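The values are calculated or read from the model by the stated rules, or taken from the named source; none is laboratory data. As the structure is a computational prediction, the values presented were derived from the model and not from experiment. As a convention, Cβ positions derive from the backbone with ideal geometry for all residues, glycine included, and neighbour counts pool all protein chains shown.
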Amino acid sequence: MNVYRVDPIDDPRWQDFVARSPQASVFHTAGWLDALRRTYGYTPVVYTTSPPESRVDNGLVLCQIRSWLTGRRLVSIPFADHCDPLFSDEGEQEAVMRALQQDVQHGRWKYLEIRPLTPRLQAPEDPAGPGTFCFHSLDLSPPLDAIFHAFHKDSIQRKIRRAEREALRLEVGTSAACLSTFFDLLLLTRRRHGLPPQPIAWFRNLIDCLGDRVNIWIASKDTRAVAAMLTLRHRDTLVYKYGVSDASVHNLGAMPFLFWRAIEDAKHSGMAHLDLGRSDPDQAGLITFKDRLGATRSTLTYVRYPARAVSGGASRGAHAAKVVLSHVPNWLLEATGKALYGHVG
C-alpha cells in the first residue's frame, strides 16, 4: 500500500477531510497548524494512503521539528493535548506507521511521537510511551441545572456564588486589550510555577489563524483582572486550553466563575462536550479541580518510536530552573519563553 505526503495547510483536500471526520479535533485543523508554523517554524505534513488524484480519506498529521537543542523530530501534534490518527481501516494505519518507522530508521528523524486520544494506536515494534497523563471531558448534554448540581458543593458551587456576590465582571473577546490582560496574568501564573511563558506571538497567531473559534474569558473585580482563560471551538466541542490567575485573590472564586460562564455559553450554542485537556500526574490540585467540575477522567498515553530513557539528572535540572525562573524579571522570563518554546514542541 502506497503512502503519500500532503501539505495540510495548503492542500484543501485535508481541510475538507477534517471537516468530514467525526474524530477530528481543532488540533487537526489548518488554523492550528498554521499558527504553529508562523510562531515556531514547524513544517506540518500529513501521511496518508489517499492518492494525489483522489480526495483524502485518512491521515496522520505531524509537525517536523528541526531543533539544534532537542533534535529533529516528528510530533503529532506540538502543544496539543491529543491528536488522534484519523483512520477507519487498520491496514491503512499500519501502512502509514511502517512508512514513518522507515523514515525514523533511515536517520532522518531522532524519534516519532504520537499523542492519541484513543488507546488503539500501537507503533510497529518497540513502542514506548513518553508520558501518561490524566484527561478530562465534561458531557454538556444534561440540563444546565443538572451540570451545576454535579459540581462539588464547596470547591465549585460555593465559589461560583461567591464570585457572583463579589460582582465579578466578565469580558469575552480577542481584542488587543483582552490579549494584553491575558498575557499579564500568564506571566504572573508562569512565574508562580517557575516556568517560562509561551511567547505572545503564539496567542496572536492563534487568534489570527483560528478567528472566531478562539475566545479569551476575563474575570475582573472592579477594574482589576483576577483570572482569565483561553478556549477553542471545533464543531460541538469547546476546548479549555489555557487558564491563568492572580493567586492572591483566588478566594474570589474567579476560575470556577469563568468555567461556569463558558459552560453556560457552550450550552446556549448547542455544544455537546467540554474538553478540559490533559494534566500531568503530579498536578494533583488541577486533577482534583477537574474532577470536582463533574468531568469524566481517563488516561492519555503517548506513543514514541524508538524508546527513550528518562534521565533523573534532567528532572533535577528542571527543578533548579524553576527556582531561578520564579525570581527573574518579566523581560527575562518572556525572553526565556520566546527562546525555548520552539525547541520543546
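Among the residues of segment 21-77, those identified as part of a loop (DSSP other than H, G, I, E, B), touching a strand residue (DSSP E or B) at 6+ places or on another chain (Cβ under 7 Å), surrounded by fewer than 19 Cβ atoms within 10 Å (Cβ to Cβ) and of a type in the set (S, T, N, Q) are Ser21, Gln23. Of the residues making up segment 108-127, just one is at pLDDT below 65, surrounded by fewer than 12 Cβ atoms within 10 Å (Cβ to Cβ) and on the phi < 0 side of the Ramachandran plot, namely Arg120. Do the conditions hold for Val239, that is, is it touching a Gly at 6+ places or on another chain (Cβ under 8 Å) and within 21 Å of Phe183 (Cα to Cα)? Here the answer is yes, as Val239 does meet what is asked. Annotation note: of Ile156, Ile160, Ile147, the sole residue that is of a type in the set (A, V, I, L, M), at pLDDT 95 or above and either surrounded by fewer than 18 Cβ atoms within 10 Å (Cβ to Cβ) or out of contact with any Pro (no Cβ under 6 Å at 6 or more places or on another chain) (or both) is Ile147. So which of Ser50, Ser76, Ser25, Ser67 ends up being of a type in the set (Ser, Thr, Tyr), more than 30 Å from Lys338 (Cβ to Cβ) and out of contact with any Phe, Trp or Tyr (no Cβ under 6 Å at 6 or more places or on another chain)? Of the residues listed, the single one that is of a type in the set (Ser, Thr, Tyr), more than 30 Å from Lys338 (Cβ to Cβ) and out of contact with any Phe, Trp or Tyr (no Cβ under 6 Å at 6 or more places or on another chain) is Ser50. Report yes if some residue within segment 224-243 is assigned to a helix (DSSP H, G or I), surrounded by fewer than 20 Cβ atoms within 10 Å (Cβ to Cβ) and more than 16 Å from the chain's Cα centre (by Cα); otherwise report no. For segment 224-243, residues assigned to a helix (DSSP H, G or I), surrounded by fewer than 20 Cβ atoms within 10 Å (Cβ to Cβ) and more than 16 Å from the chain's Cα centre (by Cα): absent. Here Thr189, Thr237 are screened, and the one residue that is of a type in the set (Val, Ile, Thr), within 29 Å of Val344 (Cβ to Cβ) and touching a His at 6+ places or on another chain (Cβ under 9 Å) is Thr237.
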